[in-house]
Amino acid sequence: MTLHGGCVCGAVRYEAEGLDGPIRHCHCNTCRRVHGAASASGAEVLRERFRWTQGADKLGAYESSPGKFRRFCSVCGTHLVSDRLAAPAVILRVATLEDDPGQVPQFHIWTSQQPHWLTDPPGTPLYDEWEPGH
Ligand SMILES: [Zn+2]
Ligand SMILES: [Zn+2]
């Protein structure tokens, strides 16, 4: 099944023919900062099974380590893939998918770099929308 996704402003879109690795939440210092979030959820997609379908010319890239490019929409800032040029697969930022990839997250990585104050205490409430009284 072809999976579709893209950035929040709609300028950049992609297709993937499926995920080729487990979904994992990465808590490393770099993912946390570039995504502005406690973790970034990613999964490998083989290069030949991934393509940009719109707005490839709008992509920006940040080389976070030599040969590894974090590609994002230069209009809205949405991060879409991490691309280590020497690797056979890109890491798709799966939270940008519009279609259900048919699997759920398998594990968390790099929790050693997560600040303790950004870790949910047990029993942290989950609200469907805003917290009560918002
Ligand atoms: Zn965008
Ligand atoms: Zn990371």
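Readers should treat all values here as calculations from the given coordinates under stated rules, not as data from a laboratory. Quantities reported herein were computed from a predicted structural model and do not represent experimental measurements. Backbone-built Cβ (ideal geometry, glycine too); neighbour counts: all protein chains shown.
Per-residue answers, yes or no, for (1) under 22 Å from HIS27 (Cα atoms); (2) outside any loop (DSSP other than H, G, I, E, B); (3) touching a residue at least 60 places away in the same chain (Cβ under 8 Å):
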position	(1), (2), (3)
SER82	yes, yes, no
ALA87	yes, no, no
GLN103	yes, no, yes
PRO122	yes, no, no
TRP130	no, no, no
GLY133	no, no, no
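Sort through ALA37, ALA43 and tell me the only one that's surrounded by 15 or more Cβ atoms within 10 Å (Cβ to Cβ) and over 23 Å from THR2 (Cα atoms). ALA37 is the lone residue from the list that is surrounded by 15 or more Cβ atoms within 10 Å (Cβ to Cβ) and over 23 Å from THR2 (Cα atoms). Among the residues of region 69-90, those that are more than 15 Å from ligand 1 (Cβ to nearest atom) and surrounded by fewer than 18 Cβ atoms within 10 Å (Cβ to Cβ) comprise ARG84, LEU85, ALA86, ALA87, PRO88. Filtering GLU44, GLU63, GLU17, GLU48 for residues that are of a type in the set (Asp, Glu), more than 16 Å from ligand 1 (Cβ to nearest atom) and under 14 Å from the mean Cα position of the chain (by Cα) leaves a single hit, GLU44.
In a residue-by-residue description of region 22-30, the property of being more than 16 Å from ligand 2 (Cβ to nearest atom) and either of a type in the set (A, V, I, L, M) or surrounded by 15 or more Cβ atoms within 10 Å (Cβ to Cβ) (or both) applies to no position.
So if I check each of LEU92, LEU80, which one is touching a helix residue (DSSP H, G or I) at 6+ places or on another chain (Cβ under 8 Å) and closer than 20 Å to LEU19 by Cα? Give the steps one after another, and end with the answer.
Working: LEU92 fails: touching a helix residue (DSSP H, G or I) at 6+ places or on another chain (Cβ under 8 Å).
Result: LEU80 is the single residue among LEU92, LEU80 that is touching a helix residue (DSSP H, G or I) at 6+ places or on another chain (Cβ under 8 Å) and closer than 20 Å to LEU19 by Cα.
Taken over region 9-27, the criterion of being farther than 19 Å from THR78 by Cβ and in contact (Cβ under 8 Å) with a residue 40 or more places away in the chain is satisfied by GLY18, ASP20, GLY21, PRO22, ARG24, HIS27. Looking at region 52-64, is at least one residue within 14 Å of ligand 2 (Cβ to nearest atom), surrounded by 13 or more Cβ atoms within 10 Å (Cβ to Cβ) and not hydroxyl-bearing (Ser, Thr, Tyr)? Within region 52-64 (the criterion being within 14 Å of ligand 2 (Cβ to nearest atom), surrounded by 13 or more Cβ atoms within 10 Å (Cβ to Cβ) and not hydroxyl-bearing (Ser, Thr, Tyr)), the answer is no, since none of the residues qualifies.
Of the strands (runs of 3 or more DSSP E) that lie entirely inside region 7-52, those containing 1 or more residues that are more than 15 Å from LEU97 (Cβ to Cβ) span 24-26, 40-46.
The residue that is nearest to ligand 2 (Cβ to nearest atom), among those in region 105-120 that are under 30 Å from GLU15 (Cα atoms) and assigned to a loop (DSSP other than H, G, I, E, B), is TRP110. Could you tell me whether THR2 is within 16 Å of ligand 1 (Cβ to nearest atom) and either over 15 Å from LEU80 (Cβ atoms) or hydroxyl-bearing (Ser, Thr, Tyr) (or both)? Here the answer is no, as THR2 does not meet what is asked.
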